[in-house]
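A quick write-up on the structure given underneath.
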Amino acid sequence: YASSPENNLIPFTALGILLLIIAALLAYAGVRRSLSHAQLFSVLCLTVSALWCGSGLVYILVGQGVLQPTELRSSLVPGLAAFTLALLIIGVVAVLVKKAVICLIAVGISLACAHQIASLSAAGFGQSATAANYLLVCLVGVYFGFGRLLSTITQGKVEPPGTGLKKKAEVKTEQNQGCSDAVSVGLVMNLLSASVLACPLLGVVPKLSTGHVPWLWTAGVFQLGMCILFYRAMDTLAATFYGFTALLKFAEGYSALLSFYSIQPFSPVPFPVVFSVLFFILALFSCQKNLLEGLYQLFFVAYCIAIAAQPQGFFQGGTEGVQAAIFVVSAIMLLITTFNMVSTTMIPTGQGCFKALVNRMQCLTLRAHDKELHAPHLGYSKYADAEVLGHACSVLAAFAITATVGGRNPLSVLILPWVVVAGGALQLLCGSVAFARGKTFESTVFILYGVMWTVWGLTRYGGLYGETRGFNVAVGIISFMLFNCLVTAAALFLNVAWFAYTFTFQLILISFLLDAVGNLPYGYDIGVTIIFGLVSFYCFLAHIFNSTFQSPQIPLGKPLVKLSGVGGGAGVCPHVPARKATSVQQIAEIMKNGGICGMPTDTVYVLVAACNRPDAVVKAYKVKKQAEDRPMSLWISSIKQLEPVRHLLSPLLLDFMEAAWPSSISMVISRGPWMDIFGLGEAAKHIGTPQSIAIRNPDCSVATHLINLVGPIAVTSANPTGEADTTHHNQVYAKLGDKVDGVLCDGPSPENIASTVVDCTKIETGHIGFFRVGLIPKSKVLQIFEEVQRRHRQGRTNPSFEYDLHLPDTQRDLSSGDTIQTYLHTFSFYAKKL
């Protein structure tokens, strides 16, 4: 209903705002479904969101008079052409995997875009077909939304055909594909920018203009979003690639924006060669994922060389020709990637070739990529390391400011996007990711330098600097220098590479200061920025190489200053996956030799020591600096481990244990001679209080298997006293350091709530109390206890101890002084039973 042959039923500005609102909602839906592995649906949502976002911005520019209505065709056609092809590819893949609803929506919008292009070319032609296709999309959308609502209300009992988002088999297939939906969306954005730049070459539009800026910057913003998703997926290489391509989109959009001010852009000829080198290195290392991805990235190497070869950059035929090739290749990559994402039949992409080649080289060893086992000293994080992209941005910003403006308008020289977007915006993104990653120092550096590059780029190359030099500008630069002095001092404790990185940036700040006061020596600024660029390039190369290969490693140097407790992570204890039986055996051997380890449970992570190693129990107590109100507890794998001392425990208590365990219920019972069987010795005083002790049988297969191998264990929470509970295996080492001898890794805790602690010291009176209500509610515990009491009133015994009726009374009535004889009779009975 937006337009008709006679007049526009909705004003352009209002239409644009409506489309932006819808685009934001679709983007939110796409990201949420991406995180829950409904990947094809996510690709469709994000692609259509980008379409509405770009279209909406163009309509707003026309409505506000920035663009003339006669320019609407040349502004919309390149973007609509790209989305026509992209949505058609998504629709074809949806047909192949039998996703009827997604297919109808994708193909419907694709045909609508195609007919809209026709209507823009010839007035009155194709508008009815455009409306019909969008009406079809509306009807399918209503059906799909109603179907999902009905499925939710009936809890999945009623689900109309085609409205199901995922099945168990499909989720398993898609989870193996990592973050493929983000790859597909990133490829669509490359397709979009390539279409915009190739259209002038093909004569579809006269030239790159202001009306194309919304498409290019929409592609850049979406690719930054995909960059963050890749960091969440622990895919550093893909995040770096789409950070690079987002930078290109912003530079292209900036060049197109200059036409609004009638400024002819000038590209510094040698600089884009630096970008091509970074792209080439990234393409080589991306081959470890698959060869097709590495070859695809080589097209961007050619694109950067084409920019460097022509002074007008994006406006000349060579650059536009390479983008035409990228358009074709991106469409092919989109088809292959999207199909492989959702299909069990895979199109070959050369996956595994890089690994096979490296395995033949004895000098190289690939690093095992397990996102659950990365850098334990940093704690748990959902993000990968961002140093590769951060250092690459420093390289680009440093070499960009070596270009001289001369007598030209500063805005016309294409330095601003490289300095402000690469050195500023992308470094701020890297700093945020590093902060979420737990790397405080790296986060501080990237954010501080990002702010500095942004401020300096806007003042010097954004037309804000002008002829103003003197004290006002110098004061701001001096404040940055003081901050950087602190950063440089902190780098002394990290490694030589980071110290050189921060120190050479201090030299750049000095050049900024000298320029502000008008005393800059000739060539000094170019010299120090080249030095900083080379140091940044070394750091970029070292991080991308070291993240790929286990050995050899490109050295970053040792800390120049060492203090106790500084430089964590140099010698990390074994972190082994809990899903492997051999890993549990490895941790068991460490504990048998007197080690203390972190272990997952049915609640949070705990620190454990074998009870038959009193030295380990004492060590665990000292590591924790245990408070008197948080004593250690005793864990068993089964109530069978209490059979040798059953005569010393209340029958009602034993029945209650049998009914309540295994579970997240800890029972506080009275101390007594029964504890001597566990071999605690003098370390027994560290478990429980002088009057009582907490005992538990956890509902966790990993924990019970470990206790079966080691015997009963002493347990405390895996965090210093007074701190929050530990909910991920990487937090164990981050909180307790090298005092831990091993960690069983099982990812995030299933529950972030501690166990329920029940007071059973007066259970014989028929009453239990509660020290803490945790995962198991109080009502559930009382229900179990009442059931046990009811059985006892009816005279029913615990099946686990029925053999007790067959033992002689003399064995059942032994005094505490005859404990050893009791054990001998019990073990003799076991032997006969076996």
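What residue, of Val185, Val196, Val205, is crowded, with 22+ Cβ neighbours inside 10 Å, within 18 Å of Glu320 (Cα to Cα), of a type in the set (Val, Ile, Thr) and modelled with pLDDT of 85 or more? First the steps, then the outcome.
Working: Val185 fails: within 18 Å of Glu320 (Cα to Cα); Val205 fails: crowded, with 22+ Cβ neighbours inside 10 Å.
Just a single option satisfies the conditions, and that option is Val196.
Tell me, yes or no, whether segment 629-639 has at least one residue that is in a helix (DSSP H, G or I), open to solvent by 20 Å² or more (accessible area, probe 1.4 Å) and touching a strand residue (DSSP E or B) at 6+ places or on another chain (Cβ under 7 Å). Lay out the reasoning, then the answer.
First pass over segment 629-639, keeping only residues in a helix (DSSP H, G or I): 639.
Applying the additional criterion that residues be open to solvent by 20 Å² or more (accessible area, probe 1.4 Å) yields none.
Checked against the condition, which is being in a helix (DSSP H, G or I), open to solvent by 20 Å² or more (accessible area, probe 1.4 Å) and touching a strand residue (DSSP E or B) at 6+ places or on another chain (Cβ under 7 Å), segment 629-639 yields no hits at all.
Report, ordered by the first and then the second residue, all pairs with beta carbons closer than 7 Å, sequence separation of six or more or different chains, a first member in segment 458-483 that is on the phi > 0 side of the Ramachandran plot, and a second member that is assigned to a loop (DSSP other than H, G, I, E, B) and modelled with pLDDT of 65 or more.
From residues that are on the phi > 0 side of the Ramachandran plot, the pairs are Gly470/Val517.
Could you tell me which numbered condition Val66 fails, if it satisfies all but one of (1) under 24 Å from Val183 (Cα atoms); (2) part of a loop (DSSP other than H, G, I, E, B)?
Here Val66 meets the rest and fails (1).
Taking the conditions exactly as written (more than 24 Å from Gly54 (Cα to Cα), buried (at least 18 other Cβ atoms within 10 Å of the Cβ) and not hydroxyl-bearing (Ser, Thr, Tyr)), does Val101 satisfy them or not? Step through it out loud before you land on a result.
On the way: more than 24 Å from Gly54 (Cα to Cα): yes; buried (at least 18 other Cβ atoms within 10 Å of the Cβ): yes; not hydroxyl-bearing (Ser, Thr, Tyr): yes.
The answer is yes for Val101.
Scan segment 129-171 for residues that are exposed (fewer than 11 other Cβ atoms within 10 Å of the Cβ) and at pLDDT below 85 and jot them down.
Matches in segment 129-171: Gln155, Gly156, Lys157, Pro161, Lys167, Lys168, Ala169.
Ile776 fails exactly one of the following numbered conditions: (1) under 29 Å from Ser670 (Cα atoms); (2) under 27 Å from the mean Cα position of the chain (by Cα); (3) modelled with pLDDT of 80 or more. What is the number of that condition?
(2)
For segment 353-366, which residues satisfy the criterion of being under 19 Å from Leu292 (Cα atoms) and either touching a helix residue (DSSP H, G or I) at 6+ places or on another chain (Cβ under 8 Å) or open to solvent by 40 Å² or more (accessible area, probe 1.4 Å) (or both)? Outline the logic, then answer.
Taking segment 353-366 and keeping what is under 19 Å from Leu292 (Cα atoms), we get 353-358.
Once the filter is applied, which keeps residues that are under 19 Å from Leu292 (Cα atoms) and either touching a helix residue (DSSP H, G or I) at 6+ places or on another chain (Cβ under 8 Å) or open to solvent by 40 Å² or more (accessible area, probe 1.4 Å) (or both), segment 353-366 yields Cys353, Phe354, Lys355, Ala356, Leu357.
Which residue pairs have Cβ atoms closer than 6 Å, lie 6 or more positions apart in sequence or on different chains, and pair a first residue in segment 243-255 that is open to solvent by 10 Å² or more (accessible area, probe 1.4 Å) with a second residue that is part of a helix (DSSP H, G or I) and of a type outside the set (A, V, I, L, M)?
Listed pairs, sorted by first residue: Phe250/Gly220; Phe250/Pro417; Tyr254/Pro417.
Looking at (1) open to solvent by less than 30 Å² (accessible area, probe 1.4 Å); (2) touching a strand residue (DSSP E or B) at 6+ places or on another chain (Cβ under 9 Å), can you tell me which one Phe266 breaks?
In the conditions (1) open to solvent by less than 30 Å² (accessible area, probe 1.4 Å); (2) touching a strand residue (DSSP E or B) at 6+ places or on another chain (Cβ under 9 Å), Phe266 misses (1) alone.
Can you confirm whether Phe222 is assigned to a helix (DSSP H, G or I), surrounded by 24 or more Cβ atoms within 10 Å (Cβ to Cβ) and of a type in the set (Phe, Trp, Tyr)? Steps first, answer last, please.
Numbers: assigned to a helix (DSSP H, G or I): yes; surrounded by 24 or more Cβ atoms within 10 Å (Cβ to Cβ): yes; of a type in the set (Phe, Trp, Tyr): yes.
It is true that Phe222 is assigned to a helix (DSSP H, G or I), surrounded by 24 or more Cβ atoms within 10 Å (Cβ to Cβ) and of a type in the set (Phe, Trp, Tyr).
Just a yes or no: is a residue in segment 37-57 crowded, with 24+ Cβ neighbours inside 10 Å, touching a Cys at 6+ places or on another chain (Cβ under 7 Å), assigned to a helix (DSSP H, G or I) and in contact (Cβ under 8 Å) with a residue 40 or more places away in the chain?
no
Do you know which residues across segment 702-725 are open to solvent by 10 Å² or more (accessible area, probe 1.4 Å) and under 28 Å from the mean Cα position of the chain (by Cα)?
Scanning segment 702-725 gives Val702, Ser717, Pro720, Glu723, Ala724, Asp725.
Across segment 88-98, what is the total count of residues that are part of a helix (DSSP H, G or I) and open to solvent by less than 40 Å² (accessible area, probe 1.4 Å)?
Quick first cut of segment 88-98, residues part of a helix (DSSP H, G or I) only: 88-96.
Right, trim to open to solvent by less than 40 Å² (accessible area, probe 1.4 Å) and you get 89-91, 93-94.
Result for segment 88-98: 5.
Which one is most open to solvent (accessible area, probe 1.4 Å), of the residues in segment 726-759 that are of a type in the set (Asp, Glu) and over 13 Å from Met599 (Cα atoms)? Steps first, please.
Keep residues of segment 726-759 that are of a type in the set (Asp, Glu), which gives 738, 741, 746, 751, 759.
Now drop any that are not over 13 Å from Met599 (Cα atoms), which leaves 738, 751, 759.
Values: Asp738: 118, Glu751: 72, Asp759: 38 Å².
Looking at the filtered set, the residue picked out is Asp738.
Would you point out which residue out of Ala29, Ala24, Ala14 is modelled with pLDDT of 95 or more, open to solvent by 30 Å² or more (accessible area, probe 1.4 Å) and among the small types (Gly, Ala, Ser)?
On the way: Ala29 fails: modelled with pLDDT of 95 or more; Ala14 fails: modelled with pLDDT of 95 or more.
Being modelled with pLDDT of 95 or more, open to solvent by 30 Å² or more (accessible area, probe 1.4 Å) and among the small types (Gly, Ala, Ser) holds for just one of Ala29, Ala24, Ala14, which is Ala24.
Here is a check on your reading of the model: is Phe300 open to solvent by less than 30 Å² (accessible area, probe 1.4 Å) and more than 16 Å from Pro417 (Cα to Cα)?
Numbers: open to solvent by less than 30 Å² (accessible area, probe 1.4 Å): yes; more than 16 Å from Pro417 (Cα to Cα): yes.
Considered against the rule, which asks whether it is open to solvent by less than 30 Å² (accessible area, probe 1.4 Å) and more than 16 Å from Pro417 (Cα to Cα), Phe300 comes out as yes.
Residues to consider are Val322, Val329; find the one that is open to solvent by less than 40 Å² (accessible area, probe 1.4 Å), without any contact (Cβ under 8 Å) to a residue 24 or more places away in the chain and within 30 Å of Ala106 (Cβ to Cβ).
Working: Val329 fails: without any contact (Cβ under 8 Å) to a residue 24 or more places away in the chain.
That would be Val322, the only listed residue that is open to solvent by less than 40 Å² (accessible area, probe 1.4 Å), without any contact (Cβ under 8 Å) to a residue 24 or more places away in the chain and within 30 Å of Ala106 (Cβ to Cβ).
Out of Thr319, Thr345, Thr338, report the one residue that is more than 17 Å from Ile544 (Cα to Cα), in a loop (DSSP other than H, G, I, E, B), in contact with a helix residue (DSSP H, G or I) (Cβ under 9 Å, 6 or more places away or on another chain) and not assigned by the TED database to the domain that holds Phe549. Steps first, answer last, please.
Working: Thr319 fails: in a loop (DSSP other than H, G, I, E, B); Thr338 fails: in a loop (DSSP other than H, G, I, E, B).
Checking each option against the conditions leaves just Thr345.
Sort out which residues of segment 103-126 are β-branched (Val, Ile, Thr) and closer than 14 Å to Val77 by Cβ, and write them in order of number.
Answer for segment 103-126, where residues must be β-branched (Val, Ile, Thr) and closer than 14 Å to Val77 by Cβ: just Ile117.
Name every residue in segment 269-289 that is free of Cβ contacts under 8 Å to residues at least 24 places away in the same chain and open to solvent by less than 20 Å² (accessible area, probe 1.4 Å), in order of residue number.
Across segment 269-289, the qualifying residue is only Ala283.
Would you confirm, using the coordinates I've provided, whether Gln297 is assigned to a helix (DSSP H, G or I), closer than 30 Å to Ile263 by Cα and among the polar types (S, T, N, Q)?
Numbers: assigned to a helix (DSSP H, G or I): yes; closer than 30 Å to Ile263 by Cα: no; among the polar types (S, T, N, Q): yes.
No: the conditions fail for Gln297.
The values are calculated or read from the model by the stated rules, or taken from the named source; none is laboratory data. Keep in mind it's a predicted model, so treat the numbers as computed, not measured. Cβ: placed from backbone, ideal geometry, glycine included. Neighbour counts: every protein chain shown. Heads up: the accessible areas ignore ligands, DNA and RNA and are worked out on the full protein's heavy atoms, side chains in. Shrake-Rupley method; radii C 1.70, N 1.55, O 1.52, S 1.80 Å.
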